[in-house]
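What follows is calculated from the coordinates using simple rules that are stated; it is not laboratory data. Model, not experiment: these values are computed from the prediction. Cβ: placed from backbone, ideal geometry, glycine included. Neighbour counts: every protein chain shown.
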Amino acid sequence: MQSVTLHDDEAAVLGDLSSHFYLRESDVGRPRAEACVDRLRALNGMVRVNHITGALSEDVVRGFDMVVCVDQSQATLERIGTICTTHGLHMLATGTYGLLGYTFTCLGPEHVIIDANGEDPATGVAVSISNANPGVVELADGDVHGLCDGDTVVFERVEGMTELNGGKGRPVKVVTARSFTIEDTTGYAVACWASFTVPCSPITRYATLQVWQVPAWRLLQANQAARHGVVQAVH
């Protein structure tokens, strides 16, 4: 992410200080986005943080890749959502009302998940790699790789058999819980030590919900129910 642009023309009030971490008492009366933009910039000098004022017209909204709406009315969400789907933008809408709230995400008709399970990529250390066809990779006693046939590993910091370095993914076939095979390594140098990573393979998922075609815009009507302490299931 290279830049973030804030839009909030509402004047800060004392009540905001109980939940808005980037406002100070001296900011009361100032537009909230303007008041906190400098403090947000200080979090990461690699990200440009700006703020805009005035109406969020279609021309303004279409200039962004993703729009995040917080505690907005249903009419505003429908208008912004229509702009986003028309121009292929991503949208996230969320709101909280005490202990209740909602989150709604639209990433278009198709998007790619590059993190399949939310876990850090698995890593391991190989104590030997045979010069054979196929080459057999063995882990130390007591270690298990957790791989399945067809999984891909990436070797790094390989000593000796440096042909395996370079970031290329290599499909594996499991032999035992602590060994697996890779490609033909008969022509490679003799390996002394290696570490490997099991990256997550990109998985394509199709949106289960076409956002503005639902009796399901009731999804965001949940914000009205939440205001009154009512929990709704939206189908």
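Is there a quick way to get the dipole size of the stretch 122-201? I mean about its Cα centre, with the Cβ of Lys and Arg at +1 and of Asp and Glu at -1; what is the value in debye to the nearest 20?
For this selection, approximately 100 debye.
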Would you mind counting up the charge near residue 155? Only other residues with Cβ under 9 Å from its Cβ, with Lys and Arg at +1 and Asp and Glu at -1. +2
Could you run the Karplus curve 6.51 cos²θ - 1.76 cosθ + 1.60 with θ = phi - 60° over the stretch 12-18 and give me ³J(HN,Hα) per residue in whole Hz, x for Gly and Pro? 5, 10, 4, x, 5, 5, 6
What residues have an amide H closer than 5 Å to that of residue 151, excluding those fewer than 5 places away on the same chain, when H is modeled at 1.01 Å from N in the peptide plane? 172
Where does each of 125-132, 93-100 land if you order them by average Cβ count within 10 Å, highest first? 125-132, 93-100
Highest to lowest packing among 51-63, 169-181, scored as the average C-beta count within 10 Å: 169-181, 51-63
Gap separating the Cα centres of the stretch 142-182 and the stretch 10-54, nearest whole Å: 49 Å
With 0.36 nm assigned to each residue of separation and the Cα-Cα distance removed, residue 87 to residue 47 gains 12.0 nm
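Would you work out the charge dipole size for the stretch 1-155 about its Cα centre, treating the Cβ of every Lys and Arg as +1 and the Cβ of every Asp and Glu as -1, and quote it to the nearest 20 debye?
Dipole magnitude for the stretch 1-155 comes out near 620 debye.
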Which of the three applies to the stretch 1-85, rounded, prolate or oblate, going by the alpha-carbon gyration tensor with a ≥ b ≥ c and a/c under 1.5 meaning rounded? oblate
If you take the square roots of the eigenvalues of the alpha-carbon gyration tensor of the stretch 122-201 and sort them as a ≥ b ≥ c, do you get rounded (a/c under 1.5), prolate (a/b over b/c) or oblate? rounded
Roughly what would the spin-label model give for residue 65 and residue 26, points 7 Å off Cα along C-beta, in nm? 3.5 nm
